Each structure stands twice: as structure tokens, then as C-alpha cells.
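A quick write-up on the structure given underneath.
The values are calculated or read from the model by the stated rules, or taken from the named source; none is laboratory data. The model shown is predicted, which means the values in this text are computed figures rather than measured ones. Heads up, the Cβs are rebuilt from the backbone with ideal geometry, glycines too, and the neighbour counts pull from every protein chain shown. The area values use the complete protein model at the heavy-atom level, side chains included, leaving out ligands, DNA and RNA. Shrake-Rupley method; radii C 1.70, N 1.55, O 1.52, S 1.80 Å.
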Amino acid sequence: MSLSPDDSSRRIGDEDRNTAVQRLQSAYTGGFITHEELDERLQQVLTAKQQNELEVALSALPAERPATTATIGAAGGRIRRRGVWKVPRNLKVESAYGQVYLDLSQAIIEDPVVDLELQLGTGQARIRVPRNAIVEIVGFQTGWKDVSYKPRQPNGPTGPTIRITGAMGFGRLKVRHARS
């Protein structure tokens, strides 16, 4: 990625830093950098103030994969995903009425963050996430019942972040961690 002189001296914010940290973590888990390199580069990212400082910390990493997006939809009835299935970076689930059940506990999640957008009319939605996942419910709107979720303190390395957004008319969203 080449930057114009104006871009390289641009001040960065928390979102830029968070994206860089995620990219470093992916490179480490993929075996592209050592633990020592991860520590060194994380220090550079966390103290960076300008874009060119981030670029130095991210140099020689593999190119970012483009974010994948998929939509699962049904006018009515059930939407169900369980077992081993590949979860895209961005997943949108649309249903006018019926039940939605997404079990991510055995799914293949390659990205450190999964954005899950729910656009549901009526019915119930249940989402089961991996035991070590971090769940963020961001601006999810319900017309009738509140979201049911009890955060779990990870005991060990954390897994992917599942960020849930969207809206639901009448029904309830239940999010649970897998037991094992």
C-alpha cells in the first residue's frame, strides 16, 4: 500500500490502532511472525501517532484478505446453521417471521472479528458462540423483548469477537456460549 505524503503523516485514532492490532494477531496466529516480533510490533502500534508509524509496524505482513460477506434469508420458516460450516467476515441474516438458530461453536471462523447483522421481523433468534468468543451487541434494537445474554469471562486465550447488530420486531434474541 503506497501512501501519498499527505496520508503518511495523518494522525491515527483508536479504530486505526485496533485494526492494526487485529492484523498483527492474525499474522501471529497464522505463523507469519514470532511471539517476539508480535510484542515488538504491538508496542509500535500502541504508541503510534501517525499513519506512517503504523505502516512500519505492519510492514512485511501478508496482504489483508478482502472481507467476505454472505446473506442468509427466508420469508418465513426456519433458518438453521450448525455443525461445521464456514462463517464469513460479514454475515447478514434476514427473516420476516420464523425461527433463526446459528450455532458457531463448531464453525470455521477465520477472521478475528465477525460482524453479524440480524434483520428479523417476528420470531425467535438463538445464537450459540464458541466458549472463548467475545460477544459485542452493538445498537441492536428490539420492539418487544430485551436481548438475553450473559457475558462469560474467558479462561484462556480469547477467541473471535462476534459483533451483533441489527433489529428485531417481535421476538427475542438469545446468545449463549458453548459449554465446551
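Report whether or not Leu120 is open to solvent by less than 70 Å² (accessible area, probe 1.4 Å), modelled with pLDDT of 90 or more, in contact with a Phe, Trp or Tyr (Cβ under 9 Å, 6 or more places away or on another chain) and closer than 20 Å to Ala70 by Cα. In short, yes. When Val56, Val100, Val84, Val45 are checked against the criterion of being part of a loop (DSSP other than H, G, I, E, B), modelled with pLDDT of 85 or more and of a type in the set (A, V, I, L, M), Val84 stands alone in meeting it.
A quick yes/no check of all residues on (1) farther than 30 Å from Gln25 by Cβ; (2) of a type outside the set (A, V, I, L, M, F, W, C):
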{"position": "Ala75", "(1), (2)": "yes, no"}
{"position": "Lys92", "(1), (2)": "no, yes"}
{"position": "Asp103", "(1), (2)": "no, yes"}
{"position": "Ala107", "(1), (2)": "no, no"}
{"position": "Ala125", "(1), (2)": "no, no"}
{"position": "Arg131", "(1), (2)": "no, yes"}
{"position": "Thr142", "(1), (2)": "yes, yes"}
{"position": "Lys150", "(1), (2)": "no, yes"}
{"position": "Gly159", "(1), (2)": "no, yes"}
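Criterion first (modelled with pLDDT of 90 or more, part of a loop (DSSP other than H, G, I, E, B) and not β-branched (Val, Ile, Thr)) does Arg179 satisfy it? No. Only one of the numbered conditions (1) surrounded by fewer than 16 Cβ atoms within 10 Å (Cβ to Cβ); (2) at pLDDT 80 or above; (3) of a type in the set (D, E, K, R); (4) under 24 Å from Pro157 (Cβ atoms) is not met by Glu15, and that is (2). In the stretch 123-139, the residue that is nearest to the chain's Cα centre (by Cα) out of those that are surrounded by 17 or more Cβ atoms within 10 Å (Cβ to Cβ) and not in a strand (DSSP E or B) is Ala133.
Filter the stretch 22-40 down to the residues that are closer than 24 Å to Val114 by Cα and open to solvent by less than 80 Å² (accessible area, probe 1.4 Å) and list them by number. Selection gives Gln22, Arg23, Leu24, Ser26, Ala27, Gly30, Gly31, Ile33, Leu38. Only one residue in Lys174, Lys150 is open to solvent by 50 Å² or more (accessible area, probe 1.4 Å), in contact with a His (Cβ under 9 Å, 6 or more places away or on another chain) and either more than 24 Å from Gln22 (Cα to Cα) or of a type in the set (Phe, Trp, Tyr) (or both), so which one is that? Answer to the selection: Lys150. Residues considered: Gly159, Gly76, Gly83, Gly98. Of these, the only one that is over 28 Å from Phe32 (Cβ atoms) and surrounded by 14 or more Cβ atoms within 10 Å (Cβ to Cβ) is Gly98. When residues in the stretch 103-122 are screened for being outside any strand (DSSP E or B), under 14 Å from the mean Cα position of the chain (by Cα) and not small (Gly, Ala, Ser), 4 of them pass.
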